[in-house]
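Here's the structure, in structure tokens; my notes come after.
What follows is calculated from the coordinates using simple rules that are stated; it is not laboratory data. As the structure is a computational prediction, the values presented were derived from the model and not from experiment. Neighbour counts run over all protein chains shown; Cβ positions are idealised from the backbone, glycine included.
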Amino acid sequence: MLGNNWTYQQDGAKPHTHHLSQEWCANHFPAFIDKDRWPPNSPDLCPFDYSLWNELGEAMNWKHVTTKATLIEEIKRSVKRIEKEKILNSVLDFTVRLRLIKKNGGEYIR
């Protein structure tokens, strides 16, 4: 959907900031923002955290989820139900949200 014109980022969870994880990402993604360059309140900047997890949750048919395997199957089906426009709009909100965090002194926004 995005081709090679995208940047990968992670939140500040310990597994994501570990040097091996950082090194792997730097070597496998066309553009990667490492932990030292990512703002500390990153949940406000990750489209999954501020938009897409909610969309996925609403798209899922939770009655089909009874095991780990059915959860994985339902997630795969539900991701396809999310409109591409919603995904792109949430990604495009990144710059707006980055400016709001800067204006708010680096604190959380809502």
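See the values below:
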| read-out | value |
| --- | --- |
| Per-residue Cβ neighbour rank within 10 angstrom, fewest leading, 81, 97 | 81, 97 |
| CD proxy at 222 nm, helix term only [per DSSP H run n ≥ 4: -39500 (n - 2.57); per residue of the chain; nearest 500] | -15000 deg cm²/dmol |
| Average Cα contact separation per residue, the chain, under 8 Å, 6 or more apart, as relative contact order % | 25 percent |
| Overall Cα dimensions of the chain, principal axis frame, Å, largest first | 42, 32, 27 |
| Selection of GluC sites (Glu not before Pro), the range 69-104, meeting DSSP coil and at most 13 other Cβ within 10 Å | 83 |
| Sorted by Cβ density within 10 Å, fewest first, the residues 99, 37 | 37, 99 |
| Positive-pole candidate from 89, 33, 6, dipole of the chain, charges at beta carbon | 89 |
| R0 of 30 Å, Cβ-Cβ distance residue 28-residue 66: FRET efficiency to nearest 0.05 | 0.30 |
| Gyration tensor over alpha-carbon atoms, the range 30-91, equivalent ellipsoid semi-axes in Å | 27, 14, 11 |
| Residues whose placed amide H lies under 5 Å from that of residue 32, excluding near-sequence neighbours | 8 |
| Vicinal HN-Hα couplings computed from phi for the range 19-35 (Karplus, 6.51 cos²θ - 1.76 cosθ + 1.60; Hz; Gly/Pro x) | 4, 5, 5, 4, 5, 4, 4, 4, 8, 10, 10, x, 8, 9, 9, 6, 4 |
